[in-house]
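Inspection log for the structure reproduced underneath, given as structure tokens.
Since every read-out is calculated from the coordinates, none of them should be taken as a lab result. Being a predicted model, the structure only gives us computed values, none of them experimental. Quick reminder, even Gly has a Cβ in these numbers, built from the backbone with ideal geometry, and neighbours come from all protein chains shown.
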Amino acid sequence: MKIATWNVNSIKARLPNVLDWLKTAEPDVVLMQEIKTVDEGFPRLEIEDLGYQCAVHGQKSYNGVAILSRRGLEDVSARLAGDDADEQARYLEATVEGVRVATIYLPNGNPADSEKYPYKLGWMKRLKARAAELLAEERPVVLGGDYNVIPTDDDVHDPVAWQGDALIRPETRAAFREILYLGYTDAFRAKVPTPHRYSFWDYQGGAWQKDHGIRIDHLLLSPQAADRLQDAGIDSKPRGKEKASDHTPVWCTLADPE
DNA sequence: ATGACTCGCAACGCGAGA
């Protein structure tokens, strides 16, 4: 089963690129972020034509997440518990052939001296609680998404330039490690030890051409999923296309159960 | 170099992104 995560930065602006990529990459499951539309605006028919079912948790203009699957889609559940006042559409879970998957659009948190940073850290605490609950179920789990976390200095072109940023601050990294240390595996890092492989390149300053990127899109696997991990990678081709998202897909493959 | 890009919106510049 091939599972990918992709922050598309507007599904409407990205639809031709997304359809092309679905046809060529042939993922079984896509964990999508920043669709930037309400549920009714999601191009469901075009994607269903390629054999996918869609679960959508949208929001007007900002955020919004979706799960695409061509191998079934059951028990869909939106929102992250722990803050009933949180109206931002950033979390959606579903089950595909016994694998519990979540699409995650973790808050950016900048500026780090604003109220946005405590919101990010609070959101990470809520995610940790949910991640722990899922671990207790002792089943394959894949938590994929735009974490807005640069885990280590191997995951950024210029760590000094990012100093103090909400994506790299020690508190951010510690909160991310807390989730990993529950027992989750970073699928890409487990398969690709090479440093300086990125999933995001800013639109500005020729960052893509100069490979000035950051690795912030991650697939975290429970032990039962990690036991089935066959391969993982970053598909940088979509980032080089016309009208590209600033993020590119990160994927992993899980062996089918016995 | 007071820059640099892209998105949605009911806009005709702005906030947000990272």
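Extension gain, A:Ser61-A:Asp256: 0.36 nm per intervening residue step, less the Cα-Cα distance, totals 66.4 nm.
Please state, as a whole number in µm²/s, the translational diffusion coefficient that the Stokes-Einstein equation yields for segment A:96-220 at 37 °C and 0.692 mPa s, with Rh defined as the Kirkwood radius across alpha carbon pairs. The estimated diffusion coefficient comes to 216 µm²/s. Loop-resident chymotrypsin sites (Phe, Trp or Tyr not before Pro) (DSSP state other than H, G, I, E or B) in segment A:178-235 with no more than 14 further Cβ atoms inside 10 Å of their Cβ: A:Tyr203. Give me the lysines in straight-line cross-link reach of A:Lys210: C-alpha distance below 17 Å, same-chain residues under 8 apart excluded. Within the straight-line cut-off, A:Lys210 pairs with A:Lys237, A:Lys241. Inter-label distance, A:Val192 to A:Gln204: 2.6 nm, where each label sits 7 Å from its Cα along the C-beta direction.
Remark on segment A:50-112: ratio of C-alpha radius of gyration to 2.2 N^0.38 Å is 1.22. Given R0 = 41 Å, the distance between the Cβ atoms of A:Leu180 and A:Lys241 translates into a calculated FRET efficiency of 0.80.
Here the contact order of segment A:2-254, divided by its residue count and restricted to Cα pairs under 8 Å and six or more residues apart, works out to 20 percent.
For segment A:2-254, go through all pairs of different Cα atoms, get the mean of 1/r, take its inverse, and jot down that Kirkwood value in Å. After inverting the mean inverse Cα-Cα distance, the result is 18.0 Å.
Sequentially through segment A:210-226, phi angles give Karplus couplings (6.51, -1.76, 1.60; θ = phi - 60°) of 8, 6, 8, x, 9, 9, 10, 9, 9, 10, 9, 10, 5, x, 5, 7, 4 Hz, Gly and Pro residues having no value and appearing as x. The alpha carbon centroids of segment A:73-134 and segment A:223-258 are separated by 20 Å. Highest mobility in the GNM of chain A, judged by mean-square fluctuation with C-alpha springs under 10 Å and restricted to A:Asn63, A:Asn148, A:Asn108, is found for A:Asn108.
If R0 is taken as 30 Å, the Cβ-Cβ distance between A:Leu45 and A:Ala13 corresponds to a FRET efficiency of 0.95. Calculated mean residue ellipticity, 222 nm, chain A: -7000 deg cm²/dmol, from DSSP H runs (n ≥ 4) at -39500 (n - 2.57) each, averaged per residue and rounded to 500. Here segment A:2-254 is assigned +1 on the Cβ of each Lys and Arg and -1 on the Cβ of each Asp and Glu. Its dipole about the Cα centre then comes out at about 280 debye.
Across q = 0.12, 0.20 Å⁻¹, segment A:1-66 modelled as identical point scatterers on its alpha-carbon atoms has Debye log10 I(q)/I(0) values of -0.25, -0.72, in the order of the q list.
In summary, the aspartates and glutamates within cross-link reach of A:Lys12, defined as a Cα separation below 18 angstrom excluding same-chain residues under 8 places away, comprise A:Asp20, A:Glu34, A:Asp39, A:Glu40, A:Glu46, A:Glu48, A:Asp49, A:Glu242, A:Asp246. Within a straight-line Cα-Cα reach of under 13 Å, A:Lys120 can be paired with the following aspartates and glutamates, leaving aside sequence neighbours fewer than 8 residues apart in one chain: A:Asp83, A:Asp86, A:Asp146, A:Asp165, A:Glu171.
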